[in-house]
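One structure below.
The values are calculated or read from the model by the stated rules, or taken from the named source; none is laboratory data. Everything numeric here is computed off the predicted structure, so don't read it as measured data. Glycine gets a Cβ as well: all are built from the backbone with ideal geometry, and neighbour counts include every protein chain shown.
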Amino acid sequence: GNRTLTMIKPNAVANNHIGGIIAMIEAGGFKVVAMKKMKLSPELAGKFYEVHKERPFYDELCEFMSSGPIIPMILEKENAVADYRELIGSTDPAEAAEGTIRKKYAKSKGENAVHGSDSDENAALESAFFFSETERF
Ligand code: ATP
């Protein structure tokens, strides 16, 4: 697949890292094909992260993801899902490689600055979650 879905998470938006993160995304060879700013309700955050419903951090995650505005984006590049996960780095910033978005901007495992889809199938589902058909041409 050549597309993935990312969100700039509330901590990174609140700390004025939107521009820095998009600069790293574009320097990494990705094209921004859709973008918006919005605030998720706890219910919508819960729906987005439904696959993590049974994980111990689910409530904390939904609370955090609805705590302030986010920037969802659809990104395009060959091998987008895998290449983007490499660019963002490990979930835990302590383990994230030098030069990754999370190394630079994540605060913790939870407040880790960005999301990146983990499969082509989820990239398509997550893109449809945030963007209508006319917004993701
Ligand atoms: P993402 O799907 O957001 O790209 P990921 O695939 O790196 O993240 P997952 O294990 O799928 O990580 O967890 C999904 C999200 O849940 C993480 O991005 C993070 O915000 C949150 N999370 C994961 N582990 C923890 C934890 N131990 N404590 C708090 N939040 C966590």
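Things to note:
- Taken over the stretch 125-137, residues that are touching a residue at least 60 places away in the same chain (Cβ under 8 Å) and away from the ligand (no atom under 11 Å from the Cβ) amount to 7.
Results for (1) over 23 Å from residue 120 (Cα atoms); (2) over 15 Å from the mean Cα position of the chain (by Cα); (3) among the charged types (D, E, K, R), shown as yes or no for each residue.
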site: 45; (1), (2), (3): no, no, no
site: 49; (1), (2), (3): no, no, no
site: 53; (1), (2), (3): no, yes, yes
site: 87; (1), (2), (3): no, no, no
site: 93; (1), (2), (3): yes, no, no
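- Selection count, the stretch 73-121, where residues are more than 12 Å from the ligand (Cβ to nearest atom) and surrounded by 21 or more Cβ atoms within 10 Å (Cβ to Cβ): 5
- Output for the stretch 65-121, where each listed residue is charged (D, E, K, R) and assigned to a loop (DSSP other than H, G, I, E, B): 77, 78, 92, 98, 107, 109, 111, 118
- Filter result for residue 45 (part of a helix (DSSP H, G or I) and surrounded by fewer than 17 Cβ atoms within 10 Å (Cβ to Cβ)): no
- Boolean, residue 34 is surrounded by 13 or more Cβ atoms within 10 Å (Cβ to Cβ), part of a strand (DSSP E or B), at negative phi and touching a residue at least 40 places away in the same chain (Cβ under 8 Å): yes
- Taken together, the criteria exclude residue 66 from residues that are within 15 Å of the ligand (Cβ to nearest atom), of a type in the set (Gly, Ala, Ser), farther than 21 Å from residue 127 by Cα and surrounded by 13 or more Cβ atoms within 10 Å (Cβ to Cβ).
- The stretch 108-137, residues that are within 22 Å of residue 59 (Cβ to Cβ) and acidic (Asp, Glu): 111, 118, 126
- The residue that is nearest to residue 57 (Cα to Cα), among those in the stretch 1-31 that are assigned to a loop (DSSP other than H, G, I, E, B) and modelled with pLDDT of 95 or more, is 9.
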